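What follows is a short report on a single structure.
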Amino acid sequence: MAQTQKDRDQATAERRNKAGEVELRHRVRPGILTILAELMEWGEHTERTECLQTLRLNVHALGRERAAALLQPPRHEIRISPTVARQLYQQGAEQAGRLDRQEQ
């Protein structure tokens, strides 16, 4: 006799629990999806989960020190041009002058 959908779902859940399987989910923005699509193309993966699993395994295989460099989030360096710095200084000096005049 064929199993019902409920019976199949329960059997699947039991197998996953027995194997210690845990579902991981997270939301991403379009830029991350674009990057993932490129990685999938480069690695000739057809499934997102397959690509992500392979990435995790390969990064882990690098070892602590080499993987740590890859796991650092990208940081943007903020550079203030001399012109902007001068404008900020001038505006700050003007505001300080206004505050001084108000206190008198």
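The values are calculated or read from the model by the stated rules, or taken from the named source; none is laboratory data. The structure displayed is predicted, hence computed values, not measured ones. Counting neighbours? That spans all protein chains shown, and the Cβs are built from the backbone with ideal geometry, glycine included.
For Thr83, indicate whether it is over 30 Å from Glu23 (Cα atoms) and exposed (fewer than 10 other Cβ atoms within 10 Å of the Cβ).
yes
Quick one: in the stretch 57-73, of everything that is at pLDDT 95 or above, among the hydrophobic types (A, V, I, L, M, F, W, C) and loosely packed, with under 10 Cβ neighbours inside 10 Å, which residue is farthest from Arg25 (Cα to Cα)?
So, considering only residues that are at pLDDT 95 or above, among the hydrophobic types (A, V, I, L, M, F, W, C) and loosely packed, with under 10 Cβ neighbours inside 10 Å, the one farthest from Arg25 (Cα to Cα) is Ala61.
So the check is Cβ under 8 Å with 6+ separation or different chains; which pairs have a first residue in the stretch 74-93 that's over 27 Å from Gly31 (Cβ atoms) and a second one that's among the β-branched types (Val, Ile, Thr) and in a loop (DSSP other than H, G, I, E, B)?
Here the result reads Leu88/Ile80, each pair linking the stretch 74-93 to a residue that is among the β-branched types (Val, Ile, Thr) and in a loop (DSSP other than H, G, I, E, B).
Examine the stretch 46-54 for a residue that is modelled with pLDDT of 90 or more and more than 20 Å from the chain's Cα centre (by Cα), and state whether such a residue exists. Show your work before the answer.
Going residue by residue through the stretch 46-54, those that are modelled with pLDDT of 90 or more are 46-54.
Narrowing further to those that are more than 20 Å from the chain's Cα centre (by Cα): 46.
Scanning the stretch 46-54 turns up at least one residue that is modelled with pLDDT of 90 or more and more than 20 Å from the chain's Cα centre (by Cα).
Of the residues Thr4, Thr46, Thr54, only one is of a type in the set (Val, Ile, Thr) and surrounded by 11 or more Cβ atoms within 10 Å (Cβ to Cβ); which?
Working: Thr4 fails: surrounded by 11 or more Cβ atoms within 10 Å (Cβ to Cβ); Thr46 fails: surrounded by 11 or more Cβ atoms within 10 Å (Cβ to Cβ).
After applying the criteria, what remains is Thr54.
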